[in-house]
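Notes follow once the structure below has been shown.
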Amino acid sequence: MIIISVKNLKKSFGSVEVLKDINAEVKEKEVICVIGPSGSGKSTFLRCLNRLEDISGGEVVINGNNITDPKVNINKVRQEVGMVFQQFNLFPHKTVLENITLAPMKVRSAEKAETEKRAMELLDKVGLREKANSYPGELSGGQKQRVAIARALAMNPKIMLFDEPTSALDPEMVGDVLEVMQQLAKEGMTMVVVTHEMGFAKEVGDRVIFMDGGYIVEENTPDELFGNPQHNRTKSFLSKVLNHI
Amino acid sequence: MPSFSKKGEDTPMDVISSAIPLLLKGLEVTIYIFIIAIILGFLLGLLVALFRLAPIKILNWIAIVYVNAIRGTPFIVQLFFIYFGINSLHFVSLNSTTAGIITVAINAGAYFSEIIRAGIQSIDKGQTEAARSLGLTGSQAMRHVILPQAFRRMLPTITNQSIISLKDTSLLSIIGIADLTQQGQIQASATFEAFKIWLTVGVIYFIIIYLISALASFVERRFELR
């Protein structure tokens, strides 16, 4: 079943057209990795999927809701779409536990004891149960990002969006975060991941989308895209990033 | 002439100690006006800051005109406008205390609104995005995520403005409010001991403001940004 459908998506910032004509579909339980050079529009594409960016043209349908339609309650749709940011964006004035329980309690008016129990389960899942009462400022980058993942999961989303989740981390922290994401993929979460981690894309991605200059240049299974790229731009990008490995 | 205790004359302490009960009565009025005005001013400032940041042009303009009108005119003119000016229209009749509270509140509100606006804007945009991506509405994100962080950052500036407003209340004596300054004036002219009386009045203001600063730094420490 198609859970994300993007048709002729356009996005401009002023006179700069960042997304030119994006068409994509994501099936339930698929893991899509989006790669491409910086400025290619991949983060903007991701941010259009929960309308953190206003959409300039075209259509984005999430789980049956056309979010370009102003009549659609975007807050409702966002409850189903978790997002993890490059800079974590944890709430620094709240403890780890409060970061996770805030949205379920305020948005769904969930019961406190129940929500906290669920939050502790999520912290177990990301391996940070003992940090429940710490503040974000007391955590390492990798720990922050795992809390951010738990926070997004607390709303029981159907889809998870990851915007370069490991780009701001020290190299030795990357593994822990990718491991959590891999586990999530294994459990059947639908995921769209903007990433520079080619290893992750290869191993965990069902499909890889290569973007450049506001277009999707090429999309394929990881084996095909990395092993047998069709376009010159894909080849030249891959030769640059894969050389470093 | 220094009046060290000759028989039949007051000692310096006598002058002060007989003035103090009346000065403290004045202080009560000052504190009463200050507390009500500062709370109203803060709420007004919050509202105007939200107007200023709202994506609605007309609200932006209301906020801009208000802040500039207050910033661009002296406190005394604002006070006279509200007490004499508005009363002269005869559609309401404000007594001096009400007019005084309104003036201090409106004056402080303009400065508070700028402090609050700057505080809100100083919070990283990622905080709003994270909150909204979880399904919180704009006002929920403001209330639970942005404002609590912004207020901690604003606290020193808010304290500063509150102290300025407290000192501004001394100007209310001009319209006949029996505040600390007014009581000082009465005592000074009754006793002909201007030096001692005004020194005492100054010390009382100083102590109150010192206590406010101490309270503010206590609160700041408790809510230290983590």
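Structure notes:
- Cα Rg over Rh - the protein assembly as shown, Kirkwood: 1.17
- Peptide-level mean, for B:122-133, of C-beta atoms on other protein chains within 10 Å: 6
- GNM result for chain B, Cα springs below 10 Å: residue of B:Val48, B:Val201, B:Val65 fluctuating most strongly: B:Val65
- Note on chain A: helix-only mean residue ellipticity at 222 nm, from DSSP H runs of 4+ residues weighted -39500 (n - 2.57) and normalised by residue number, equals -11500 deg cm²/dmol.
- Relative to the longest principal axis of the Cα atoms of chain B, the long axis of helix B:194-222 lies at roughly 30 degrees.
- Rounded to the nearest 10 degrees, the inclination of helix B:57-71 to the longest alpha-carbon principal axis of chain B is 20 degrees.
- Relative contact order of the stretch B:166-226, pairs being alpha-carbon contacts under 8 Å that are 6 or more residues apart, as %: 18
- Partner lysines for A:Lys27 [C-alpha distance under 26 Å; skip if fewer than 8 residues away on the same chain]: A:Lys7, A:Lys10, A:Lys11, A:Lys42, A:Lys71, A:Lys76, A:Lys125, A:Lys158, A:Lys186, A:Lys202
- GNM on chain A, alpha-carbon springs under 10 angstrom: the most fluctuating residue among A:Asn66, A:Asn232, A:Asn75 is A:Asn232.
- Only protein heavy atoms count here; on that basis, with a 1.4 Å probe, B:Arg152 has an accessible area of about 60 Å².
- Chain A: C-alpha gyration tensor shape, a/c 1.5 cut-off, then a/b vs b/c: oblate
- Share, in percent, of DSSP beta bridges within the protein assembly as shown that are antiparallel, nearest 5: 55
- Residues of type aspartates and glutamates that A:Lys240 reaches as a straight line, Cα spacing below 16 Å, ignoring anything fewer than 8 places off in the same chain: A:Glu197, A:Asp212
- Degrees separating the helix A:141-153 axis from the principal Cα axis of chain A, which is the longest one: 80
- Rounded to the nearest 500, the helix-only mean residue ellipticity at 222 nm of chain B stands at -25000 deg cm²/dmol, with each DSSP H run of n ≥ 4 adding -39,500 (n - 2.57).
- Shape of the stretch A:38-119, Cα gyration tensor, a/c cut at 1.5: oblate
- Under-26-angstrom lysine pairs by C-alpha in chain B, whenever the two are 8 or more apart or on separate chains: 6
- Only lysines eight or more places from A:Lys131 in sequence, or on another chain, were considered; those with a Cα closer than 18 Å are A:Lys94, A:Lys117, A:Lys144.
- Cα-only Debye scattering, chain B: base-10 log of I(q)/I(0) at q = 0.08, 0.10 Å⁻¹: -0.40, -0.59
- Ordering of A:78-88, B:86-96 by packing [mean C-beta count within 10 Å, highest first]: A:78-88, B:86-96
The values are calculated or read from the model by the stated rules, or taken from the named source; none is laboratory data. Note that the coordinates shown come from a computational prediction; the quantities given were computed from them, not determined experimentally. Backbone-built Cβ (ideal geometry, glycine too); neighbour counts: all protein chains shown. For accessibility, only protein heavy atoms count, side chains too; no ligands or nucleic acids. Shrake-Rupley method; radii C 1.70, N 1.55, O 1.52, S 1.80 Å.
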